[in-house]
Each structure stands twice: as C-alpha cells, then as structure tokens.
Amino acid sequence: MELGIAGKRAAVAAASAGLGLGSAKALAAEGARVAICGRDRARIEAAAATVGGECIPLVCDVGDAAGGAEFVAAANDVLGGIDILVTNAGGPPPGNFASTALDAYPAALDLNLLSVVAMCSAAVPAMQAQGWGRVIAITSVAVRQPMPNLILSNTARAGATGFLKTVAREVADSGVTVNSVQPGLHWTDRVRSLYPDGQPDTVRMGDADDFGAIVAFLCSDQAKFLTGAQIHVDGGAYQALL
C-alpha cells in the first residue's frame, strides 16, 4: 500500500534504539526524509546508518521541555520544516507508591509529559499553517492498564494522553492529526532493564519494526480521518473491552 508520505519531513525523537528507531526505519522505507535524535553521538549516528535514506542524526536530550523544543527546532532547520512528528522518550525509574518519593515526580513529568507538550508546541502551529501534519506520540499501554512498579510512568503518560486528546480536537479541522500509540512489551533496551533475567515465559514480546509500521500507517493519507485515538499495540495483553 502506498502511504502517500514520500518526501514528507519526519522528526522522530529518542530514536537511537527501540520503538523510536523502528518508527524511523518504517518512515524512511516509505520515502520520508527523517531526522532522529539521541543523547549519545556514536549511538545516534549508528542508528541513522541503520535507518538509511539519508537519515539525519541529531544529538539532543528530550528528557524535558527545553530538550523537546530544542530537538524540534534542530529538526526543522535540517529538514526545512516538519510534516511528521513522532514524540518519544525513555521511561522514568521503576517504583511503587511506597517506594517513590514525592520529589521523584517532577523529573518523570518533565520526561514523559512536558517534553511531549514542548515538542507539539514547537511543531504543530506550522503544520496547521501548511494545512497538513501528523503527530504520533509513543506512550504506553500502562495508560489504559497501569503497570505494577511503574507508578511514575503510569502517572506521566496518562497526563500526556489527556493533553494529546485535547490538542487533537482543537486542530482537527486544519489537516493535522494527533494520535498516540500505546505499546505493550516489546523486546527493547527498556524492557531488558525491567527483565534482567530474560523474557518471562508468560509474556509475549513485540517487535520494534512491526510497531514502526503501525506508526507509519498513522502518518499516511489513508489515516487522515483518524485522530484523537489511543491505539494499543500489545499482542492482546490488554483484556478490557474499552
């Protein structure tokens, strides 16, 4: 299927590995011009080589609002504009209510909420002005079904989801769609850190490249009427009807 995004300019945050990298690869395979960012120059340059298609590596930390805005500005400069924005970031440290101090929350909100707000604030107005844009936020299925021992992530990503849904409705008539993709467990560096002894026998793990293909479809012309959605990509792990 031709997705209609060849030549579109795509900025993919935190794409040196994992789901961000899978998304960047899928967009590049559809002919999009892609800029990606990561904190480590060697890792992000290696990732760009994996993406191919003249992918542009940028060294930037999207761990807070300032970093998110910086990445969008840098991607805008090197691409000459942004048509597609994929927001993404690592996860905060694990912990539960009893073990997580109050002063741990601001950093988590910076990482998984305010960075998303900043990236959208920097990119969406220009998308509205040009009459076409796609924002895809990589969040977590924990928004629908909070995960044990991840109270910081559960809290921050739920806030980001509320923000994204609100923005989607406000910009829907301008040709800009805003959706979030909620991954379950995929075999990434983040999951390896949570399961240091290896994949549990009872857990199905997804593939980052398959996840990226879903992100690419949400950026397509065919998906122009799909906005404000939260799509869980979890191999059926989430069991509720709604």
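Please treat every number below as a calculation from the coordinates, not as lab data. Bear in mind the structure is a predicted one, so any value in this text is a computation, not a measurement. Note: ideal-geometry Cβ built from the backbone for every residue, glycine included; neighbour counts use all protein chains shown.
Observations on the model:
- Descending by average beta-carbon neighbour count within 10 Å, the peptides 106-119, 87-100 line up as 106-119, 87-100, the highest first.
- Residues residue 45 and residue 174, FRET efficiency given R0 of 45 Å [Cβ-Cβ distance, rounded to 0.05]: 0.80
- Cα centre as origin, Lys/Arg/Asp/Glu Cβ charges: segment 9-231 dipole, Debye: 320 debye
- Segment 211-230 versus segment 21-96: alpha-carbon centroid distance in Å: 18 Å
- Inter-site label distance for residue 239 and residue 147 at 7 Å from Cα along Cβ, in nm: 1.8 nm
- The chain has equivalent-ellipsoid semi-axes of 26, 19, 19 Å, by the square roots of 5 times the alpha carbon gyration tensor eigenvalues, sorted largest first.
- Karplus (6.51, -1.76, 1.60) ³J(HN,Hα), θ = phi - 60°, over segment 84-92, in Hz, Gly and Pro reported as x: 10, 10, 10, 7, 6, 6, x, x, x
- Here the contact order of the chain, divided by its residue count and restricted to Cα pairs under 8 Å and six or more residues apart, works out to 22 percent.
- Mean separation of Cα contacts under 8 Å, 6 or more apart, over the residue count of segment 1-99: relative contact order %: 31 percent
- Ranked 225, 217, 211, criterion: other C-beta atoms within 10 Å, fewest first: 225, 217, 211
- Rounded to the nearest 10 degrees, the inclination of helix 65-79 to the longest alpha-carbon principal axis of the chain is 30 degrees.
- Think of it this way: in the chain, 55, 120, 219 stand alone, with no other Cys Cβ under 4.7 Å.
- Across the chain, the longest piece that holds none of the GluC sites (Glu not before Pro) lying in DSSP loops with up to 11 other C-beta atoms within 10 Å covers 55-242.
- With the simple model of a label 7 Å out from the Cα in the direction of the Cβ, residue 129 to residue 214 spans 3.4 nm.
- Taking each DSSP H run with n ≥ 4 as -39500 (n - 2.57) and averaging over every residue of the chain yields -12500 deg cm²/dmol at 222 nm.
- Of 166, 155, the sequence from fewest to most neighbouring Cβ atoms within 10 angstrom is 166, 155.
- Length released on extending from residue 121 to residue 105, taking residue separation times 0.36 nm less the Cα-Cα span: 3.5 nm
- Under Karplus coefficients 6.51, -1.76 and 1.60, residue-wise ³J(HN,Hα) of segment 224-238 in Hz, glycine/proline x: 5, 9, 9, 8, x, 8, 10, 9, 8, 10, 9, x, x, 5, 6
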